[in-house]
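The values are calculated or read from the model by the stated rules, or taken from the named source; none is laboratory data. For clarity, every value in this text was computed on a predicted model and none was experimentally measured. FYI the Cβ positions are ideal-geometry reconstructions off the backbone, even for glycines, and counts take in every protein chain you see. Heads up: the accessible areas ignore ligands, DNA and RNA and are worked out on the full protein's heavy atoms, side chains in. Shrake-Rupley method; radii C 1.70, N 1.55, O 1.52, S 1.80 Å.
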Amino acid sequence: QVHLVESGGGLAQPGGSLRLSCAASIAIQSINSMAWYRQAPGKERELVTSITAGGTTRYADSMKGRCTVSRDNAKNTVDLQMNNLKPEDTAVYYCNALQRGVTFWGQGTQVTVSS
């Protein structure tokens, strides 16, 4: 069982930045892959970025060049730095972990981009 807790969401202005953090209840080195997803009202949940235990990263086309995912093995956290935010980035952002074929989700954190 992996318990995930997101933090760092909030209100940002267009062009601004936010940093989200996901804290895992176990050592993240033992987790095959971790990811950030988001879900906007009326839309399906979509992948924002992922990072494997080996550090391989993947980004959604809509976020390439505007976000960076990183993991801190000492703190058991995975962070998402988002820059140049746009109103269309408004969504609930969820942390995801895949371990031994089982998927775990955090409760989500709201990101609102508005002037």
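Structural remarks
- If you go through the range 57-75 and keep only what is part of a loop (DSSP other than H, G, I, E, B) and open to solvent by 80 Å² or more (accessible area, probe 1.4 Å), you end up with 61, 64, 65, 74, 75.
- Residue check for residue 53: touching a Cys at 6+ places or on another chain (Cβ under 9 Å) and either at positive phi or surrounded by 13 or more Cβ atoms within 10 Å (Cβ to Cβ) (or both): no
- Members of the range 68-85 that are in contact with a Cys (Cβ under 8 Å, 6 or more places away or on another chain) and touching a residue at least 60 places away in the same chain (Cβ under 8 Å): 79, 80, 81, 82, 83
- Of all residues in the range 92-115, exactly one satisfies the criterion of being at positive phi and within 14 Å of the chain's Cα centre (by Cα), namely 108.
- Hits in the range 33-50 (condition: among the polar types (S, T, N, Q), more than 16 Å from residue 2 (Cα to Cα) and either in contact (Cβ under 8 Å) with a residue 60 or more places away in the chain or open to solvent by 40 Å² or more (accessible area, probe 1.4 Å) (or both)): 39
- Residue within the range 87-105 that is of a type in the set (Val, Ile, Thr), open to solvent by less than 20 Å² (accessible area, probe 1.4 Å) and without any contact (Cβ under 8 Å) to a residue 40 or more places away in the chain present: no
- Residues of the range 51-75 that turn out to be closer than 18 Å to residue 6 by Cβ, modelled with pLDDT under 95 and of a type in the set (A, V, I, L, M, F, W, C), as a count: 1
- Residues located in the range 1-32, provided they are within 12 Å of the chain's Cα centre (by Cα), open to solvent by 20 Å² or more (accessible area, probe 1.4 Å) and either on the phi < 0 side of the Ramachandran plot or polar (S, T, N, Q) (or both): 5, 7, 9, 18, 19, 21, 23
- Checking each residue in the range 3-41 for being at pLDDT below 95 and out of contact with any Leu (no Cβ under 9 Å at 6 or more places or on another chain) picks out 26, 27, 28, 29, 30, 41.
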